[in-house]
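**Q** Quick one: structure below, then a few questions.
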Amino acid sequence: MLALDIVWNPSKGIDLGVFTLHYYSLMWIVAFLLGFYIMKRIYKNENQTNEALDSLFIYSVIGIMLGARLGHVIFYQPELINDDFFSIFLPFSFSDGVRFTGFQGLASHGAAIGMIISMYLYNKKVIKKTVLWILDRVVVPVAFGAVFVRIGNFINSEIIGRVTESSLGVRFIQDEYNKYDIVKATGIKDATEAYKAFGSNPKYTEALSAIPLRHPAQLYEAFCYVFVFLILLFFYWKTDKRNQQGFLFGLFLVLLWTVRFFVEFVKEPQGEEYFTILGLQTGQVLSIPFILIGLYFMFVYKAKTKLS
């Protein structure tokens with residue numbers, strides 16, 4: 001099979017003058033907006049009010065973003081607690097002056113926990129049904145949003161795959177060379193221009209070919225999440241499983257974290273504090289409880305109360 005040998009060296013975002021809108025941040029915005037649209041259709045089908053939908057959007061954004069950020073720090077980058085505490089909650093780095101960075105480092109495990117907690121609070125304060133009723137519906141747009149988050153990771157050259165000889169291998173220039181290394185390698189003081197020169201100037205062809213091909217693990221995951229979304233969408237609209245409390249939530253957990261478990265085999269370990277148990281990486285170990293919880297809600301859980 002002919003190797004694609006993709007050289008990946010995109011710009012970080014759109015320069016708006018005052019600041020740069022990172023493509024990664026843009027992908028999160030797209031995820032939330034499309035999720036809002038899908039949830040609007042679902043809430044209309046459930047005869048819920050627009051006010052309830054607006055509140056759901058606010059609770060979801062806060063819960064998912066805060067959970068994702070804390071999850072990353074706790075599981076993968078705990079040194080931030082001492083080294084740059086305020087960067088955990090703000091899109092700035094304070095360790096070397098004040099720099100706008102966007103929210104770099106968001107863990108899906110933390111996002112899942114944050115979503116569950118925020119939906120508990122939303123149910124208690126706003127809709128007053130059951131947490132599972134909400135989760136069974138909100139997981140449909142969440143699964144679709146996960147596609148764009150992983151595309152954002154690919155654009156950012158983060159959560160990269162292991163070295164491979166696969167025909168789908170990608171050379172991630174911005175993972176191999178940070179802005180200080182690229183300036184040193186090219187002699188060009190402006191990092192943005194240095195990246196451009198490195199990717200296009202024949203002078204650096206030999207150095208470029210030395211960058212290893214890696215699995216585009218982010219795209220593998222995004223591709224699989226499309227099918228997770230379509231399966232959930234089918235079960236919600238075409239079957240009566242939406243009336244079985246916990247089933248769609250459980251199906252979401254099983255599908256999404258099974259994808260995550262297997263894709264981890266081709267991912268590089270993340271963070272300085274990653275660990276392995278029985279040969280399994282951090283992401284795989286953390287995925288197993290979610291899969292088991294999902295199976296419980298699909299096949300064991302019985303609702304104590306019936307919803308009208």
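The values are calculated or read from the model by the stated rules, or taken from the named source; none is laboratory data. It should be emphasised that the depicted structure is a prediction, and the values quoted were computed from it without experimental measurement. When we count neighbours, we look across all protein chains shown, and the Cβ atoms used for this are built from the backbone with ideal geometry, even at glycine.
**Q** Check Lys189, Lys184 and return the single one that is surrounded by fewer than 16 Cβ atoms within 10 Å (Cβ to Cβ) and either touching a Leu at 6+ places or on another chain (Cβ under 7 Å) or not in a helix (DSSP H, G or I) (or both). Steps first, answer last, please.
**A** Values: Lys184 fails: either touching a Leu at 6+ places or on another chain (Cβ under 7 Å) or not in a helix (DSSP H, G or I) (or both).
After applying the criteria, what remains is Lys189.
**Q** Pairs only if they're at least six apart or on different chains, beta carbon under 6 angstrom, first in segment 129-148 and in contact (Cβ under 8 Å) with a residue 60 or more places away in the chain, second of a type in the set (Val, Ile, Thr) and part of a helix (DSSP H, G or I); list them, first residue then second.
**A** Between residues of segment 129-148 that are in contact (Cβ under 8 Å) with a residue 60 or more places away in the chain and residues that are of a type in the set (Val, Ile, Thr) and part of a helix (DSSP H, G or I), the close pairs are Arg137/Ile42; Pro141/Ile38; Ala143/Val228; Val147/Val226; Phe148/Val30.
**Q** If Gln77 satisfies all but one of (1) closer than 20 Å to Gly283 by Cα; (2) touching a helix residue (DSSP H, G or I) at 6+ places or on another chain (Cβ under 8 Å); (3) modelled with pLDDT under 90, what's the number of the condition it fails?
**A** For Gln77, the failing item is (2).
So that you can scan it fast, the table gives a plain yes or no per residue for (1) touching a residue at least 12 places away in the same chain (Cβ under 8 Å); (2) part of a helix (DSSP H, G or I); (3) over 18 Å from Ile42 (Cα atoms):
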residue: Tyr195; (1), (2), (3): yes, yes, yes
residue: Leu219; (1), (2), (3): yes, yes, yes
residue: Phe234; (1), (2), (3): no, yes, no
residue: Phe249; (1), (2), (3): yes, yes, no
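**Q** Only one of these is among the hydrophobic types (A, V, I, L, M, F, W, C), within 22 Å of Met115 (Cα to Cα) and at pLDDT below 95: Phe275, Phe290. Name it.
**A** Details: Phe275 fails: within 22 Å of Met115 (Cα to Cα).
The unique qualifying residue is Phe290.
**Q** Do you know which residues across segment 112-124 are touching a residue at least 60 places away in the same chain (Cβ under 8 Å) and either in contact with a Phe, Trp or Tyr (Cβ under 6 Å, 6 or more places away or on another chain) or surrounded by fewer than 20 Cβ atoms within 10 Å (Cβ to Cβ) (or both)?
**A** First, pick out the residues of segment 112-124 that are touching a residue at least 60 places away in the same chain (Cβ under 8 Å): 112, 119, 121-122.
Correct list: Leu121, Tyr122.
**Q** Tally up the residues in segment 197-228 that are of a type outside the set (Gly, Ala, Ser), surrounded by fewer than 20 Cβ atoms within 10 Å (Cβ to Cβ) and over 27 Å from Val149 (Cβ atoms), please.
**A** Selection size over segment 197-228: 7.
**Q** Still on this model: What number goes with the only condition from (1) of a type outside the set (Ser, Thr, Tyr); (2) under 23 Å from the mean Cα position of the chain (by Cα); (3) farther than 20 Å from Val142 by Cβ; (4) modelled with pLDDT of 90 or more that Leu230 does not pass?
**A** Failing condition for Leu230: (3).
**Q** Another question, if that's okay. If I filter segment 146-154 for residues that are farther than 30 Å from Phe247 by Cα and part of a loop (DSSP other than H, G, I, E, B), do I get at least one hit? Outline the logic, then answer.
**A** The initial filter retains those residues of segment 146-154 that are farther than 30 Å from Phe247 by Cα, namely 154.
Narrowing further to those that are part of a loop (DSSP other than H, G, I, E, B): none.
Within segment 146-154, none of the residues are farther than 30 Å from Phe247 by Cα and part of a loop (DSSP other than H, G, I, E, B).
**Q** Checking Ile116 against (1) out of contact with any strand residue (DSSP E or B) (no Cβ under 9 Å at 6 or more places or on another chain); (2) at positive phi, which test does it fail?
**A** Unmet condition: (2).
**Q** Which one is modelled with the lowest pLDDT among residues in segment 48-61 that are under 11 Å from Phe32 (Cα atoms) and among the hydrophobic types (A, V, I, L, M, F, W, C)? Break it down stepwise before answering.
**A** Taking segment 48-61 and keeping what is under 11 Å from Phe32 (Cα atoms), we get 57-58, 60-61.
Now narrow it down to the ones that are among the hydrophobic types (A, V, I, L, M, F, W, C): 57-58, 61.
Details: Phe57: 93, Ile58: 94, Val61: 90.
In this case the residue turns out to be Val61.
**Q** Now a separate question. Have a look at Lys40, Lys12, Lys44 and point out the one that is at pLDDT 95 or above and surrounded by 14 or more Cβ atoms within 10 Å (Cβ to Cβ).
**A** Numbers: Lys12 fails: at pLDDT 95 or above; Lys44 fails: surrounded by 14 or more Cβ atoms within 10 Å (Cβ to Cβ).
When all the criteria are applied, what remains is Lys40.
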